[in-house]
Amino acid sequence: MDRDDLEPRKRRDEAMAALAREDLSLLGIEELTARITSLENEIARIRAQLESKRGSLSAAEALFKR
């Protein structure tokens, strides 16, 4: 059994809260730039998922409105 299986799962919002609490003054310019790039990529991934879900919702609404 993997050790991760024994530990309770973290709530979804805990990762975002941890990012918000992190002291950015400890990071250098390159680290901050890399973080911005990572966050922009994550935003793009979330937007793509939203569009996919909106498309599915639209298709379902169109099907049931007939």
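Every number here is computed from the coordinates shown, using simple stated rules; none is lab data. This is a predicted model, so every value here is computed, not measured. Here the Cβ positions follow ideal geometry from the backbone for every residue, glycine too, while neighbour counts run over all protein chains shown.
Here the Karplus curve 6.51 cos²θ - 1.76 cosθ + 1.60, taken at θ = phi - 60°, turns the phi angles of the stretch 37-47 into couplings of 4, 4, 5, 5, 5, 5, 4, 4, 5, 5, 4 Hz, with x standing for Gly and Pro. Shown is the FRET efficiency for Asp23 and Ser56, computed with R0 = 35 Å from the Cβ-Cβ distance and rounded to the nearest 0.05: 0.30.
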